[in-house]
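A quick write-up on the structure given underneath.
The values are calculated or read from the model by the stated rules, or taken from the named source; none is laboratory data. Since we're looking at a predicted model, the values are computed, not measured. Quick reminder, even Gly has a Cβ in these numbers, built from the backbone with ideal geometry, and neighbours come from all protein chains shown. To get the accessible areas, we keep the full protein, side chains included, count just its heavy atoms, and leave off ligands, DNA and RNA. Shrake-Rupley method; radii C 1.70, N 1.55, O 1.52, S 1.80 Å.
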Amino acid sequence: MIVSRRWLEALLDRPLDARDVADRLTLHVAAVDAVVPLHQDLGDVLIARVLEVKKHPDADRLSLCLVDRGGGSAGGGRGGPVEVVCGAPNVQAGKIYPYAPVGAVLPGGVKLERKKIRGVESNGMLCSAKELGLGADHTGILELDTTAAPGTRFIDAMGIGDHQIVIDVPANRPDLLCHKGVARELGASIGAVVKLPAIPGGPADSRTAGLSARPPVRQSATGVVDGVEVRLEDPEGAPRYMIAVIRGARVGPSPTWLAARLTAVGQRPINNVVDATNYILFELNQPLHAFDLGRLRGPAVVVRRARPGEKIVTLDGVTRTLTADMTAICDAEHPTIVAGVMGSAESEVSADTRDLVLECAYFQPTRIRRTRRALELSSESSYRFERGIDMLGMPDALRRAIELIIAVAGGEVRAPALDLWPQPQQERTIFLRPERVSRLLGVTIERPEVERLLTAVGFFVAPKDARLAVQVPGWRPDVTREVDLIEEVARSKGYDAFPDELRPYRPGTVPDAPDERARARIREQLVRAGLLEARTLPLGPPDGPDAVPILNPLSAEEAHLRHRLVPGLVRRIEYNWANRNRDIRLFEVGTVFRKGTGTGAGGGGPEEWTSVAGVLTGARRPPHWSEGAKVPDMDIWDLKYHFALAVAVAAPSCDVRPATGGAVGWVAVERGGQLVGWAGPLEADAPVWAAPLFGFEVRLAAAQPDLGVYRPLPLQPPVERDLALVLPPGVTAAQVSDVLRRTVGPLLERLEVFDEYRGPGIPAGHRSVAWHCTFRDPERTLRERDVDALLARGLEALEGELGVRRRES
Amino acid sequence: MRDLLAALAELRERLKEIPQADERRLSGLKTEILGRRVGALTQILGRIPKLDPASKKEVGASANALKRAFEAAFAAREGELKRAAGTVTGVDLTMPGRAGWRGGLHLVTQVVDEICEIFRELGFTRAVGPEAETERYNFFALNFPKDHPALDAQDSFYLSGDILLRTHTSPVQIRTLERYPPPIRVVIPGQVYRRDPFDASHAPVFQQIEGLAVDEGITFVDFKATLATFARKFFAPDTRVRFRPSYFPFTEPSAEMDVQCQICKGVGCPTCKQTGWMEILGSGLVHPAVLENCGVDSERYTGFAWGMGPERIAMSRHGIPDIRVLFESDVRFLAQFAGGAR
Ligand SMILES: [Zn+2]
């Protein structure tokens, strides 16, 4: 919401500082996003008086004006009158106009050059409203009514210097969508009272006599005003509906003051009637609709639900199809307005309009919201109706609108307005316990202060037993409970007025979430292993038949929730390659999704769980100058180590096994046989210089880690043996160690592979694998011959079960 | 005695050699003068007990003083040589050491952990909840009115009829209140989704940290105190904080907390749009309707809640201009913050 500082000044009848206004609003009402000074681009324009007007010697439509632009030397030359060529038909000697000297920069950034026009040099320019950015009128120069001396700066003389104050109005405060509402809040802060300023040129008593009192409320659905039949057939959509008829208006441009008010808040002036309704909208937050009585069939105004498929061409020229969920304002035959949203092009007020129908209504907020969304059509009116306007303030707004229209467009009102309100409502009353205010806010606030703070922002407060009966004004639909009033007290007083000393508290009953602990543990381990944590978007293309689609994605590439982390990480690897990073080790711990029975309440959602993934490529460690140029790149054995580490931490109950089916890689398998992780080489869009890429992913289990039991460190010396074995095709190292451990027993303390060999001396298809074995008996010192016996037992079993023999050297 | 004093004077001259001596000469000199058997000074000291008492005193004092002078001079020169040893012995100790790869947590994780840790000191445990939520948990139990403009700021991704990706971590407030009795003190970190196109200041997915405290007698003062304490612990002890009105359907009164801009220290700069303040979190006292929706007696219990965006906080604290940097995962960026957030 943009408010104008000058407009607020008019309502509070005092000068204001825009920055101060912004600070007060921010601290007590709503955040101010910006303060924008207006018309700073008119700083070069001066007030000038035309002393003499002559015909241009070579052009009938141009005149030569002798201009007094004060004593300054702006635009070159000494003080004193200068000659200016002017093309406007309305220039007259003796009158005052805005004057731009040579060198002035005008709105839009154009710098005025000295130039000859049809052979005569012009010392600057007399300006039209359009050239100054003050309106659409470019048919003539802007005639000024001012007593300021020539040479005075135009913005100072005309008082159009202004500030836009841009307020971030929250969705629950429709009252702040108009100047009166903002001024009311500001008034409470600075101790001033809001009073609507008199309308220049009005009201003329004789013509509005019938309106000086409120028109009677009719608790009925029909009525006639000045020959126009009004039927309220949809009181649910329009609980209160008012119509006035103004006859004999003349549609034309708005007076300068009105156009300036609207321009200051970023609105384009259209014509006096439409501008008057917009003025009321921005002053009082009452959207009004003026339409052409002459175009109404009947003439009648019928408020009803639209018929399915009924069509209307709205003001923006688009044909809209209505549904029965929408309220339409119709004449005897067709819809003329989509209620609360936009009128039809056909019934629009035009230059030929003489008789006006003026609608002042309350439309049901959710009805307007649904209509606006269904038609994808927003307007200043729909924005306000959706948030709820002041139903009780309608008669005052309508009366002021009529006064304003008659003042700026003429015409007269012959009959009082019609006020259809089948079920009238009163102000809401809420009871407030003063002690509850102090209890909730934590400091004692005396009852008179509570009353004062609430009264200042428009509440009517009366004592009722030990409580306060607080009447809520119609413009505050958000205030429905006691706690809402307590907020009013707190913000009016100012949040900064409350202390912020920490007091003792009781510990909570909620334990730490186990998943969070598990996530922290795996992150810590992978960081220790030298991986960098990445964060990728969980949205992407589908990565399998179980991928969960999003009904309303932002783009087709991000239309599914991820089912795995690795694809997103591979895209990050490619991004790093594109930036010429070669050595990359990333991991991510994140949520993944799959179609299925959801964890959320009600079931219907997807299955979601935490996944851990890593991707590795490039050098095994940073190169060091002492070891020559090249460090080997990571290979599948680096991958296996990282995968086993991740599985041990993230899914401690799982085994790592070689993948089946001929692929190089591993899987993590739960005791029940369920697959919860995998690791292997990855395909990617790699540059030629890139190293091989590997990745792994494992489902995170929230299990508590094994706490561990102390094992005494051995006191007996070990016996160490190297053992080179020849393995026939198909026999694995894991099989060999299993057999050795089983047959030798617990005295075999460690078993480590240290070499693998294929080639001469070994039968084709066979390989030699060498183990380093450590034997130890915790109770006594092992003798060599004990170890020989143990080894012999193992070798015998190896040969018998696997055909593995000791390598002959 | 005279000859001894002369010898001492001669030895004293040799002190001058020490500052120029290299390592080898130094050790030679040390042996020559202070050596246990052959040292010239050691020998003089050995002869002192045989002197008459008067000479003993004079020579002894002078010899011992000289010994201390030599010891100090040797120590000083040894220190000097040790410091310069690199170039002296041919090893350039400025050459880089041997490294392993250094891992690191993402900056956002670090900030989340840091924030949660501060709240842990204030008695808050960590809670979590699902990312796919029902409308009831995401909106209506949180007192969002149906068909209300307040929903416009929460543009959501829908998965089916009433299941959506949560737009905030606030639904976990409801889940916690439904499951645990007061007193409740939890922080709720997690991923949330908004249907916003990816640009410099918006991401369709980001982290949020929610907080909730509910107990008897919690007031606006406790609420302000807790969050202001957090700000002073997270930023700096003298950080200025302000609270101003706002609107959230699930808090009443609602407030926004600003801290003094960390870039300009409150003077005004482009980052803070010249205001000198940075918006840090949205907050307020728990709306009684939220407590009632969870079956908690809103007359007896009160509380406060807040939500903040660790990405935004990280960006403002570390001067990161574009949120997309946090999702690119360029290893050069990740390594910048691998050593810790500060
Ligand atoms: Zn700043």
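What FRET efficiency would be calculated for the residue pair A:A462, A:D706, taking the C-beta separation as r and a Förster radius of 51 Å, to the nearest 0.05? Could the numbers behind the result be given before it?
Details: r = 69 Å, r/R0 = 1.36.
My answer for the efficiency is 0.15.
Distance from the Cα centre of the range A:516-549 to that of the range A:718-762, in angstrom?
Using only Cα atoms to place each centre, the spacing works out to 37 Å.
Taking the Cα atoms of the range B:2-84, report the difference between the largest and smallest coordinate on each principal axis, in whole Å and largest first.
That gives 47, 19, 16 Å along the principal axes, largest extent first.
Would you rank A:S347, A:S254 by solvent-accessible area, highest first, keeping every protein chain in place and using a 1.4 Å probe? Show your work: numbers first, answer last.
Numbers: A:S347 0, A:S254 25 Å².
So, going from the largest accessible area down, we get A:S254, A:S347.
Alpha carbon centre of the range B:148-209 versus the range B:282-316: separation in Å?
13
Taking every residue in A:433-442, how many Cβ atoms of other protein chains lie within 10 Å of its Cβ, on average? If you can, show how the numbers build up before the last one.
Numbers: counts 0, 0, 0, 1, 0, 1, 3, 9, 6, 11.
Across the residues of A:433-442, the mean count of other-chain Cβ atoms within 10 Å is 3.
Can you show me the helix-derived [θ] at 222 nm for chain A, built from DSSP H runs with n ≥ 4 at -39,500 (n - 2.57) apiece and divided by the number of residues, rounded to the nearest 500. Intermediate results must be reported in sequence, preceding the final value.
Values: 18 runs with 201 residues, N = 809.
So the calculated ellipticity at 222 nm is -7500 deg cm²/dmol.
What residue among A:A534, A:L177, A:L293 has its Cα farthest toward the positive end of the dipole of the protein assembly as shown, where the charges are +1 on Lys, Arg and -1 on Asp, Glu, each on the Cβ?
The residue sitting farthest along the positive end of the dipole is A:A534.
Based on the inverse mean of 1/r over its pairs of different Cα atoms, what is the Kirkwood hydrodynamic radius of the range A:481-586, in Å? Please list the in-between numbers first.
Numbers: mean 1/r = 0.0516 Å⁻¹.
In the range A:481-586 this quantity evaluates to 19.4 Å.
Taking Rh as the Kirkwood radius computed over C-alpha pairs, what is the Stokes-Einstein D of the range A:1-118 at 4 °C in a medium of viscosity 1.567 mPa s, expressed in µm² per second? Write down the numbers at each step before the final one.
Numbers: Rh = 17.5 Å.
So the translational diffusion coefficient is about 74 µm²/s.
So, taking all protein chains as they sit and a 1.4 Å probe, how much accessible area belongs to B:C294, in Å² rounded to tens?
Probe radius 1.4 Å; accessible area of B:C294 about 20 Å².
Looking at the protein assembly as shown, which Cys residues are left with no other cysteine's beta carbon under 4.7 Å from theirs?
So, A:C65, A:C86, A:C127, A:C178, A:C330, A:C360, A:C654, A:C773, B:C116, B:C294.
Any idea what the alpha-carbon Rg over 2.2 N^0.38 Å comes to for the range B:107-337?
Values: Rg = 17.4 Å, N = 231, 2.2 N^0.38 = 17.4 Å.
Rg over 2.2 N^0.38 Å, computed on Cα atoms: 1.00.
May I ask you to give the average projected area over all directions of the convex hull of the Cα atoms of the range A:380-525, in nm² rounded to one decimal? Walk me through the numbers on the way to the answer.
Values: hull surface 72.4 nm².
Computed as one quarter of the Cα hull surface, the answer is 18.1 nm².
So if the hydrodynamic radius of the protein assembly as shown is defined as the Kirkwood radius over C-alpha pairs, what does Stokes-Einstein give as its diffusion coefficient at 4 °C and 1.567 mPa s, in µm² per second?
Translational D for this selection: 34 µm²/s.
Beyond 23 Å between alpha-carbons counts as too far, so tell me which of A:K493/B:K146; A:K54/A:K115; A:K130/B:K273; B:K146/B:K273; A:K180/B:K273 fall in that bin. Kindly include the intermediate steps, with their values, before the conclusion.
Numbers: A:K493/B:K146 31 Å; A:K54/A:K115 19 Å; A:K130/B:K273 32 Å; B:K146/B:K273 35 Å; A:K180/B:K273 28 Å.
Long pairs (Cα-Cα over 23 Å): A:K493/B:K146; A:K130/B:K273; B:K146/B:K273; A:K180/B:K273.
At what distance in nm do the modelled label points of B:E117 and A:T455 sit from each other, each positioned 7 Å from its Cα along Cα→Cβ?
5.4
Provide the per-residue ³J(HN,Hα) series for the range A:117-129, in order, calculated from phi with Karplus coefficients 6.51, -1.76, 1.60 and θ = phi - 60°, each as a whole number of Hz, with x at glycine and proline positions.
Here the 3J(HN,Hα) series is 10, 6, x, 10, 6, 9, 8, x, 8, 8, 10, 8, 4 Hz.
Using alpha-carbon positions, what is the distance between the centroids of the range A:604-673 and the range B:31-52, in Å?
71
Helix B:107-121: angle to the longest alpha-carbon principal axis of chain B, degrees 0 to 90, nearest 10?
Between helix and principal axis, roughly 90 degrees.
What is the diffusion coefficient of the range B:125-259 in µm²/s, taking the Kirkwood radius over Cα pairs and the Stokes-Einstein relation at 4 °C with a viscosity of 1.567 mPa s? Could the numbers behind the result be given before it?
Numbers: Rh = 16.3 Å.
Value of D from the Cα-based Kirkwood radius: 79 µm²/s.
In terms of solvent-accessible area of protein heavy atoms at a 1.4 angstrom probe, what is the ranking of B:K57, B:K273, A:K130, highest value first?
Working: B:K57 160, B:K273 135, A:K130 115 Å².
Heavy-atom accessible area, descending, gives B:K57, B:K273, A:K130.
How big is the accessible area of B:T134 in square angstrom, nearest 10, if you roll a 1.4 angstrom probe over the protein chains?
10
Dipole of chain B, Cα-centred, from +1 at each Lys and Arg C-beta and -1 at each Asp and Glu C-beta, to the nearest 20 debye? Kindly include the intermediate steps, with their values, before the conclusion.
Values: 44 positive and 43 negative charges, 564 e Å.
So the dipole magnitude of chain B works out to roughly 2720 debye.
Can you tell me the orientation of helix B:220-234 relative to chain B, as the angle in degrees between its alpha-carbon axis and the longest Cα principal axis, to the nearest 10?
It works out to around 40 degrees.
With contacts defined as alpha carbon pairs under 8 Å and 6 or more residues apart, what's the relative contact order of the range A:527-658 in percent?
On the way: 204 pairs, mean separation 24.7, N = 132.
Answer for the range A:527-658 is 19 percent.
Could you give the angle, 0 to 90 degrees to the nearest 10, between helix B:2-13's Cα long axis and the longest principal axis of the Cα atoms of chain B?
Helix B:2-13 and the main axis of chain B meet at about 40 degrees.
What are the membrane-span-like helices in chain A by this rule: whole DSSP H runs, Cα extent along the axis at least 24 Å, mean Kyte-Doolittle hydropathy at least -1.0? Don't skip to the answer; put the middle values down first.
Working: long enough: A:784-802 (26 Å, -0.12).
Qualifying helices: A:784-802.
Report A:C773's accessible area, 1.4 Å probe, all protein chains in place, as a number in Å² to the nearest 10.
Probe radius 1.4 Å; accessible area of A:C773 about 0 Å².
List the extent of the Cα atoms of the range A:1-44 along each of their three principal axes, largest first, rounded to whole Å.
Projected onto the principal axes, the Cα atoms of the range A:1-44 cover 38, 24, 17 Å.
Points 7 angstrom from Cα along the Cβ direction at A:R806 and A:V631: gap in nanometres?
4.1
So, with +1 on the Cβ of K and R and -1 on the Cβ of D and E, and no other charges, what is the size of the charge dipole of the range B:177-225 about its Cα centre, to the nearest 20 debye? Don't jump to the answer; show the numbers that get you there.
Working: 5 positive and 7 negative charges, 23 e Å.
My answer is approximately 100 debye.
Under a Cβ-only charge scheme (Lys and Arg +1, Asp and Glu -1), can you give me the dipole magnitude of the range A:19-173 about the Cα centre, in debye to the nearest 20? Please list the in-between numbers first.
On the way: 17 positive and 19 negative charges, 95 e Å.
Result for the range A:19-173 is approximately 460 debye, rounded to the nearest 20.
Describe numerically, in nm with one decimal, the distance between label points set 7 Å from Cα along Cα→Cβ at A:D17 and at B:K57.
So the label points at A:D17 and B:K57 sit 8.6 nm apart.
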